[in-house]
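Chemist: Quick one: structure below, then a few questions.
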Amino acid sequence: MDKILAEHRRQVGGFEVVEIDEKQIDALRGQLDVDVPMDLRWTWNYASEVEELRALYERGKKGQWNAETDVDWSIPFPRDEWFLPKEGLQLLPSVLAIAGADDATCRAAAFDEFAWTFSQLLHGEQAALQLCGQLTNACPTMDAKFYAASQVVDEARHIEVIAKFLQRKVGTIYPIGGTLKVLLDKLLEADTWKMKTLGMQCLFEGMAVGIFDMIQKGSTNPLLSDVIRRVKQDEARHAAFGVLTMRRTVRDATPDEMAEMEDFSYSVLETLNANQQLDMLRDLAPKYGLDPDSVVLMLLGQEDWARFNSDVFMHTVVPNLARLGLITERTEAKYRAHGILYGDRFGHGVDADVQASLRGQ
Ligand SMILES: [Fe+2]
Ligand SMILES: [Fe+2]
């Protein structure tokens, strides 16, 4: 399988990064129509065939919430207060703190970076909404259709709550980064419902659970904490749907199909990692007197780079792939070499929300 965005690769300190230049990003963002192969499948079996999916659907029904009325929008989100740890979680304030910048500068950078990251999550939520719409049509069992349909509502609510947070409390929605747009289009364009489930439900929902959990653990703002807690509980169900469905898919797959799924997963995660936040750094670093490539170079030079770089991947997505048998000796070394897999490939145990969803509780 060829590398994604092979023509946009270059070396920074011996590491191959991916970055799309400014002009091409505008064209990419302007590409609103995506040619999606659309399968639609009827089923005449209205009884439950996949018990664990039906249980997850029931859990989803109980877990519904209203983004307008259940969230207390009167809670302030002040620009001049720390709401995430100063160092270790976000890139810009960590680098600025090491460089000796004053607290106000670090705080301003943290606010900007959060706005940027949250905007990317918003665009990702839109892709999830579109993809679940496709799954509702294409999945073969009524249980999967029920589940996918309920996830469509979840994703609409996530778009609503994150967009409102950005509009009401932050004041900015940043446009989608180039690497993310290309990857999301790839997932939406995937040929079969199985590959769509792998791409969106396993890879991206797995990443989402990791990112939301890290923000949730670090947040000291009650409004942000509440929004993230609610969204993350939903995302845990979505990741569980990915795992439950992929378990069955993997059980029936031929060796060739397994290899295809393993390669697809690797190439998507490798590309995501190869951006090394350059899309964010290009938008924000110059404002704080930092050069994007120099920041990446500095990070890559850290002795424990692989450990902190792999954090978000090792949270959910890599352990889930490993358990499904979609990371084997064939790709494990490559994951390790790129700082995506670190330590035990099964991670530190399953996220509590995902675990509860897998049990259908
Ligand atoms: Fe979502
Ligand atoms: Fe989701």
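Chemist: Which residue fluctuates the most in the chain, going by a Gaussian network model with Cα springs under 10 Å, if the choices are Gly88, Gly289, Gly206?
Modeler: Comparing Gly88, Gly289, Gly206 in a Gaussian network model of the chain, the most mobile one is Gly289.
Chemist: Give the residue list of trypsin sites (Lys or Arg not before Pro) in the stretch 1-99 that are DSSP loop and have at most 10 other beta-carbon atoms within 10 angstrom.
Modeler: Hits after loop and neighbour filter: nothing returned.
Chemist: Of all the C-alpha pairs in the stretch 125-168, what % are more than 17 Å from each other?
Modeler: Roughly 34 percent, once rounded to a whole number.
Chemist: OK, next. Among the GluC sites (Glu not before Pro) in the stretch 262-318, which ones are in a DSSP loop with at most 15 other Cβ atoms within 10 Å of the Cβ? Mind listing them?
Modeler: Sparse-neighbourhood loop GluC sites (Glu not before Pro): Glu303.
Chemist: If you don't mind, another one. Taking the chain as a Gaussian network, where each spring joins two C-alpha atoms under 10 Å apart, which residue of Gln302, Gln277, Gln134 fluctuates the most?
Modeler: Top of the fluctuation ranking is Gln302.
Chemist: I've got another one for you. Rounded to two decimals, what is Rg over Rh for the stretch 116-239 when you use alpha-carbon atoms and the Kirkwood radius?
Modeler: Rounded to two decimals, Rg/Rh equals 0.97.
Chemist: Let me ask something else about it. 5 Å is the cut-off here: which amide hydrogens, built 1.01 Å from N in the peptide plane, fall below it relative to Tyr174, excluding neighbours closer than 5 in sequence?
Modeler: Ser119
Chemist: Rounded, prolate or oblate, given the Cα gyration tensor of the stretch 41-162, with a/c below 1.5 counting as rounded?
Modeler: Prolate is the answer for the stretch 41-162, as a/c is 1.5 or above and a/b outweighs b/c.
Chemist: Choose one answer from Tyr57, Tyr46, Tyr174: the residue with the largest mean-square fluctuation in a GNM of the chain with alpha-carbon springs under 10 Å.
Modeler: Tyr46
Chemist: Rounded, prolate or oblate: pick one for the stretch 215-304, where a ≥ b ≥ c are the square roots of the eigenvalues of its C-alpha gyration tensor, a/c under 1.5 means rounded, and failing that, prolate if a/b is larger than b/c, else oblate.
Modeler: Oblate, since a/c reaches 1.5 and b/c is not below a/b.
Chemist: Straight-line reach from Lys181: which lysines fall under 19 Å, measuring Cα to Cα and dropping same-chain residues less than 8 apart?
Modeler: Partners found: Lys3, Lys23, Lys196.
Chemist: How many angstrom lie between the C-alpha centres of the stretch 310-353 and the stretch 47-71?
Modeler: 28 Å
Chemist: Now, a different point. Mean shadow of the stretch 61-126, computed from the convex hull of its alpha carbons, in nm²?
Modeler: Mean shadow area of the hull around the Cα atoms is 6.1 nm².
Chemist: For the pair Leu32/Glu160, report the inter-label distance in nm, with labels modelled 7 Å from Cα in the Cβ direction.
Modeler: Using points 7 Å along Cα→Cβ, the separation is 2.3 nm.
Chemist: Calculate the length of the line joining the C-alpha centroid of the stretch 234-251 to that of the stretch 145-177, in whole Å.
Modeler: 21 Å
Chemist: Oh, and also: Given +1 on the Cβ of Lys and Arg, -1 on the Cβ of Asp and Glu, and no further charges, what dipole in debye does the chain carry about its Cα centre, rounded to the nearest 20?
Modeler: With only Lys, Arg, Asp and Glu charged at Cβ, the dipole is about 740 debye.
Chemist: Further question on the same structure: What's the magnitude of the charge dipole for the stretch 14-151 around its Cα centre, counting Lys and Arg as +1 and Asp and Glu as -1 at the beta-carbon? Answer in Debye, nearest 20.
Modeler: Dipole about the Cα centre, nearest 20: 520 debye.
Chemist: Separate question: Dipole magnitude of the stretch 102-180 about its Cα centre, charges +1 at Lys/Arg Cβ and -1 at Asp/Glu Cβ only, in debye to the nearest 20?
Modeler: Taking the Cα centre of the stretch 102-180 as origin, the dipole is about 260 debye.
Readers should treat all values here as calculations from the given coordinates under stated rules, not as data from a laboratory. Only a predicted model underlies this, so the values are computations on that prediction, with no experimental measurement involved. No Cβ is skipped: glycine too gets one built from the backbone with ideal geometry, and neighbour counts run over all protein chains shown.
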